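These notes concern the structure reproduced below.
The values are calculated or read from the model by the stated rules, or taken from the named source; none is laboratory data. All values reported here derive from a predicted model rather than from experimental measurement. Virtual Cβ from ideal backbone geometry, glycine too; neighbours counted across all protein chains shown. Protein only, heavy atoms only, side chains kept; ligands, DNA and RNA dropped before computing areas. Shrake-Rupley method; radii C 1.70, N 1.55, O 1.52, S 1.80 Å.
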Amino acid sequence: MVKDIVQKIVSLCKRRGFVFPSSEIYGGIGGFYDFGPLGVELKNNIKRSWWKFMIHERENVVGLDSSVVMNSMVWQASGHTENFTDPLSECKSCHKRFRADHLVEDIRNSGKMNEYGLSDNDLDDIAKVITKIKCPECGGELTPPRQFNLMFKTYIGPVEDDATRTYLRPETAQGIFINYKNILDTQRVKIPFGIGQIGKAFRNEITPGNFIFRTREFEQMELEYFVKPGNDDEIFHKWVEERMKWYTKILGIKKERLRIRPHKKEELAHYAKSCVDIEYLFPWGWGEIEGIANRQDFDLSQHQRFSGIDLRYFDEKENKYYIPYVIEPSCGVERVMFALLCDGFNEIEGGRTKTTKPAERSEIVLKINRNLAPIQVAILPLVRNKEEITKKAREVYQMLRSHFVCQYDESGSIGRRYRRQDEIGTAFCLTIDFESLEQDDLTCRDRDTMEQVRVKIGDLIEFLKNKFNK
Ligand code: ATP
């Protein structure tokens, strides 16, 4: 059943041009995806919404676009060269590789510790558990876990040696920390203030999976919010509230499918004072879509130490220097996109329109927030063999194109075209019919309510603008 829904979403994404497996004509490449015409629209809408909510609507937050490849010292200072690892176990028979901590988590979630002769406490000792379990694929013996660094290596220039080696960034955050002083020196920002960034991140995940949930190349939307030490706890909680507001009020994700999960002490990264995950209830269970962490002064202190550059902040009000603490809300564009697709996916058995033919009994309606819909408006001439109607429909299309993301579609029966648009979440379908020729109007159909109203073509732009958020 779970597989079924995920499979249906994956197939919809492929069939309608949201997401394609990367390099498919060469047999694919694990953990990488390409985003088709509808996928790129949806991703752009998510990113625009985040940027508006996190940056444009706040006086004390500015944007940044730092490079993917940075001086390798950045990763030494941040601790990624040494610590950005996951435990890997390999099957001695089929040689499949697994995240050892995920295998242990599976046992914890299944509640079958007894079957393996393990107690709750044993589960914290990954190496011990691995000796008791077998390969989930073939039942073979697993190797003891070893730490595997997730950063993709690359070399600068023609010589490949230790001196030229660096990495593709595994998070966008470090690009912000190394520009902290540039922002302080060039913008009139005062603590508390934030720097936000959207960009690609790369992680050589041991087991990518669950479609676009865990991939090796993805985009992050991160904010580093610099605060006075002592104010960090309060501001941390405010950001958790703000971020939940974005998911529920702005994106319109169902409240009951979201939860806040505070990290347990033993789960916390060594630099974090506190951390919560915002999780979405995916078809297979709860999964992290965002992490919000209090990183304290760890990153700036490390970069100050490694670069020798003074990164302290002079607080005029307090008349003293300090290294600010940092609150970081960080989420992945693709995970948010996947959550939106799952949240909006509706399959209606038996169909919801009279024109549904028996062979097309079930209909898919993608009810994602209309402000994020990849196509906002579809223009459909009722028939395509009547020139006056198609001509008028094309005129409407031309008129709307510079205001909304539109699609013109005249192929197939009108019922089929409605269903095609419902499936990709198009917010409004406009139909130009015989009456339109006399009355200079058309019908506008709402995706969710199926309500149809006649609108004068002269009033159309204003009418539709009122339906979308500015
Ligand atoms: P996980 O525990 O799922 O591996 P994480 O805790 O390592 O995630 P963070 O380092 O907190 O993730 O990254 C912040 C956000 O970036 C995550 O909440 C997620 O939305 C996104 N993200 C992280 N890794 C991936 C990935 N491999 N594929 C897609 N998105 C990712």
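Nearest-5 percent of antiparallel DSSP beta bridges in the chain?
85 percent
Cα-Cα over 20 Å: which of K96/K265; K8/K52; K47/K181; K43/K249; K190/K273?
Flagged as over cut-off: K96/K265; K8/K52; K47/K181; K190/K273.
Given a Förster distance of 25 angstrom, what is the FRET efficiency for D459 paired with K52, based on the Cβ-Cβ distance and rounded to 0.05?
FRET efficiency, D459 to K52: 0.35.
Counting DSSP beta bridges with both partners in segment 316-470, what percentage is antiparallel, nearest 5?
60 percent
Which Cys residues of the chain have no other Cys beta carbon under 4.7 Å away?
C13, C275, C331, C342, C406, C429, C444
Express the relative contact order of segment 235-342 as a whole percentage, based on alpha carbon pairs under 8 Å and six or more residues apart in sequence.
RCO, segment 235-342: 23 percent.
Would you calculate a helix-derived [θ] at 222 nm for the chain, using -39,500 (n - 2.57) for each DSSP H run of n ≥ 4 and dividing by the full residue count, to the nearest 500?
Roughly -9000 deg cm²/dmol at 222 nm, from the helical runs in the chain.
Using a 1.4 Å probe on the protein heavy atoms, what percent of the accessible area of the chain belongs to carbon and sulfur?
Percent of accessible area from carbon and sulfur atoms in the chain: 48.
So for the pair Q439, N385, with labels modelled 7 Å out along Cα→Cβ, what separation do we get in nm?
It works out to 2.6 nm between the two label points.
Just add up the charged neighbours of T154: K/R +1, D/E -1, any other residue whose Cβ is under 10 Å from the Cβ of T154.
Every neighbour counted, the sum reads +1.
Would you work out the charge dipole size for segment 1-84 about its Cα centre, treating the Cβ of every Lys and Arg as +1 and the Cβ of every Asp and Glu as -1, and quote it to the nearest 20 debye?
440 debye
Can you list the residues of segment 226-245 with backbone N under 12 Å from a point 7 Å past the Cα of K320, pointing along Cα to Cβ?
229-230
May I ask you to list the aspartates and glutamates whose Cα is less than 13 Å away from that of K254, ignoring any residue fewer than eight positions away on the same chain?
E279, D343
Among the aspartates and glutamates, which have Cα under 19 Å from the Cα of K200 when same-chain residues fewer than 8 positions away are ignored?
By straight Cα distance, K200 reaches D34, E41, D65, E171, E217, E219, E222, E224, E288, E290, E328, E334.
Percent of Cα-Cα pairs per 20 Å bin, from 0 to the last occupied bin, for the chain, please list those.
With a bin width of 20 Å, the distribution comes to 20, 48, 27, 5.
Tell me the relative contact order for the chain as a rounded percent, counting alpha carbon contacts under 8 Å between residues six or more apart.
12 percent
If you average the sequence gap of Cα pairs under 8 Å that are 6 or more apart and divide by the length of segment 350-469, what percent do you get for the contact order?
Relative contact order for segment 350-469 comes out at 27 percent.
How do the peptides 394-404, 243-253, 295-305 rank, highest first, by the average count of neighbouring beta carbon atoms within 10 Å per residue?
295-305, 243-253, 394-404
Mind checking the dipole of segment 350-469: about its Cα centre, +1 per Lys or Arg Cβ, -1 per Asp or Glu Cβ, Debye to the nearest 20?
Dipole about the Cα centre, nearest 20: 440 debye.
Once you charge only the Cβ atoms, +1 for Lys and Arg and -1 for Asp and Glu, what is the size of the charge dipole of the chain about its Cα centre, to the nearest 20 debye?
940 debye
Multiply the residue gap between E451 and F32 by 0.36 nm, knock off their C-alpha separation, and tell me the result in nm, one decimal place.
146.8 nm
Taking just the alpha-carbon atoms of segment 12-88, what radius of gyration and Dmax come out, in angstrom?
18.0, 48
Determine which residues of segment 131-158 fall in the zone a paramagnetic label at E115 would reach in this model, i.e. backbone nitrogen under 15 Å from the point 7 Å along Cα→Cβ.
132-140
Would you be so kind as to identify which of Y280, A373, H270 lies farthest towards the positive end of the dipole of the chain, taking Lys and Arg as +1 and Asp and Glu as -1 on Cβ and the Cα centre as origin?
A373
Run the numbers for W284 and E349: contour at 0.36 nm per residue of separation, minus the present Cα-Cα distance, in nm.
Fully extending the segment from W284 to E349 adds 21.2 nm.
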